[in-house]
1. Output the strands (runs of 3 or more DSSP E) that fall wholly within region A:29-84 and possess 3 or more residues being buried (at least 22 other Cβ atoms within 10 Å of the Cβ) and in contact (Cβ under 8 Å) with a residue 40 or more places away in the chain, or say none.
2. Which of the residues that make up region A:138-157 are of a type in the set (Phe, Trp, Tyr), within 13 Å of chain B (Cβ to nearest Cβ) and buried (at least 17 other Cβ atoms within 10 Å of the Cβ)?
3. Of (1) surrounded by 16 or more Cβ atoms within 10 Å (Cβ to Cβ); (2) within 14 Å of chain B (Cβ to nearest Cβ), A:GLN130 satisfies all except one. Which?
4. Only residues in region A:219-235 that are among the charged types (D, E, K, R) count as the first member; pair them with residues that are in a loop (DSSP other than H, G, I, E, B), Cβ under 8 angstrom, at least 6 apart or cross-chain, and list the lot.
5. What is the number of the single condition among (1) at positive phi; (2) in contact with a Phe, Trp or Tyr (Cβ under 9 Å, 6 or more places away or on another chain) that A:LEU125 does not meet?
6. Does A:GLY185 meet the test of being of a type outside the set (Val, Ile, Thr), more than 14 Å from the chain's Cα centre (by Cα), within 13 Å of chain B (Cβ to nearest Cβ) and in a loop (DSSP other than H, G, I, E, B)?
7. Scan region A:158-177 for residues that are away from chain B (no Cβ under 13 Å), under 10 Å from the mean Cα position of the chain (by Cα) and either among the small types (Gly, Ala, Ser) or not in a helix (DSSP H, G or I) (or both) and report the count.
8. Can you name the residue in region B:271-282 that is of a type in the set (D, E, K, R) and surrounded by 17 or more Cβ atoms within 10 Å (Cβ to Cβ) and, of all such residues, is nearest to the other protein chains (Cβ to nearest Cβ)?
Amino acid sequence: MNSISTKTMNQKEEIILQLTGIEKSYKTYSETLHVLRGVDLTIHRGEIVSIMGPSGSGKSTLLNIIGLLDTYDSGMYSIAGIDTTNLTRKQKQQIRLQKIGFVFQTFNLIQTLTVQQNIELPMNLLRKSQENQHKRSSELMAEFGLTTKKKKFPYQLSIGEQQRVSIARALVNNPVIILCDEPTGNLDEENAQTILNHLSNLKRFNTTILIVTHNPSIKQITDRNFILSHGKIEQQA
Amino acid sequence: MKFNQYIFNNLTQKKVRTILCIIGIATSLVSSTVMALLTDYYSSRTSTFFRPFPEFDEVLERGTNFIQLIPVGSTIDLEVKSDLDTYFNIDSIPLLIVPNNKDLLSFYNNYIYGVPFLQQQILFQSIYLQMGRWPQNSNEIVVGNEYLDKKELTLFNHTFPIVGVISKQYSYLDRIIIMDHSILEQKTGNLGKTTVIFIPSFLEKNISKIDKFELENSHIDILTSSEMEALHGQIGDFMNNLVNVLSVFTAGASIIFVFSLELMNIFSRKKDFDIFRILGAKTKTIFQTVVIENFILLISGLIIGIPVSILSFSLLYSYLILNVNQSTTFFTGFSKGWNYIFHPFQWDLFIENILIISIANIGFALIISLIGLRQYKLSELKQKY
């Protein structure tokens, strides 16, 4: 009992994502815009963390950097123990594929692929076998109540269902972290609550989730909440 | 999921786009092929199909009623012939010979289609003609009996009273008969009317005599073979250049059309590619998708385009040109009838066009993909979503 508890504690303490003094600025014609001014953030395995902040505070920039979609000017960022400072484009692409799941506000599903095919897409990119793909997608479709919709195309689904497909796709490669950009932004209250419940349920699998949002109701499922303001991040009490 | 499923779904789900691309590729092939082939054929027969009108106007302004574009014998105007013979101090000015390529070919094979063996001498002379030498002392005219049989032996254009032409390009009659020139004149209803005379090159050295003769006989206009060549050359070059420009424009338009199709096709899917990249797809994977999909579209386009190209060209060649032939008694040199459908098809030119369209299709797809994928930084792509 004690060892299990210790193991759980160790897992809980495992640092999945660590940002130290991350700075990012954009040059415009007339001035240099300092978007991030030394962001420090550490997220442990199994945590659900939210980052909130007003528009233009740098939330998306931070998410891009964490998702290896953008570079930073200075500081240190490591994901699952891998220092990203000197990674090549290909290495970043591999990390995105294997260690990061993305959930977007607008879902970004491939319209010409069915629900099942959309979910299996990241596995396919990782060249997993057909058998494994089907097995994993079936599990996720069952988990998110999409089994009856597996042959449907995204345009044949409700918005809530599309977001569930998007979350299932993000989970399919068992990433170490899921990055959610306004996951409830396009949803009505009922669907938003459903999505929050699903995200909350992911705790069962010890999944780490980072959510960037405007929606304060996200706090009901998060372990910690951060506010990003003027390029600095602060943890809320 | 197999990645090819994405390609398949894309082609079947976006039916309008797929059909548009296939039809676009087929249309590009058809238009460029038909234009290239027609241009090629036209170029070899240009002098026949389009006569040098401005120059004829010029000649007409000089007071000539009828123009004869042949080295004539004086039998057209016996008095004139006699005058010329005397004037130039020669035995006889040669008459018209219109040889037929097919007959010449038969001649080379020791078989003369439709021509009595005894008349081989005439064919020899016609060969000399094609080699740029005038038959000496000929008193006869040789034309195809195709016209005679159809009672269409009016070697006069509706607009311009052209009698006929001795030139390599103009000799496409089906069979050869031998006819006395006076009979030809009667049949054409131009007895004694011809007042423009072409004279053979061997007389051109007496250019001063020709000028003098023209001055003394103001109703007679003598065109030397060099003048005639100049007319042909100018007009031929002009028309050739014109159709070549048209052909280049058509080919250019076809390639731009293919480019536009690719642009539309790939940029309409740019969001898919961006999602792939965000999820972690390799650039190579996306390129493979583009190439495979475009290859399928290309093959489909060619399957439609190749038979349509052959049919379109053959229809234009055999039907429209036939109509042109019917509307003018002046022989255009184009083949007649449906039985010639595949006869004139130039496969090498056609395959060249297929290759150009194919390379353009796949090449543009890759270039546009490359541009499309590198157009934005990933962070900017992310911002869009």
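1. Qualifying strands (runs of 3 or more DSSP E): A:32-44, A:48-52.
2. A:PHE153
3. Tallying (1) surrounded by 16 or more Cβ atoms within 10 Å (Cβ to Cβ); (2) within 14 Å of chain B (Cβ to nearest Cβ), A:GLN130 fails exactly one: (1).
4. A:ASP223/A:GLU47; A:ARG224/A:GLU47; A:ARG224/A:GLN236
5. Among (1) at positive phi; (2) in contact with a Phe, Trp or Tyr (Cβ under 9 Å, 6 or more places away or on another chain), the lone unmet condition for A:LEU125 is (1).
6. Against the criterion (of a type outside the set (Val, Ile, Thr), more than 14 Å from the chain's Cα centre (by Cα), within 13 Å of chain B (Cβ to nearest Cβ) and in a loop (DSSP other than H, G, I, E, B)), A:GLY185 qualifies.
7. Residues meeting the conditions: 2.
8. Looking at the filtered set, the residue picked out is B:ASP272.
Readers should treat all values here as calculations from the given coordinates under stated rules, not as data from a laboratory. Bear in mind that the values here come from a model prediction, so they are computed numbers and not experimental data. All Cβ positions, even for glycine, are placed from backbone atoms using ideal geometry, and neighbour counts span all protein chains on display.
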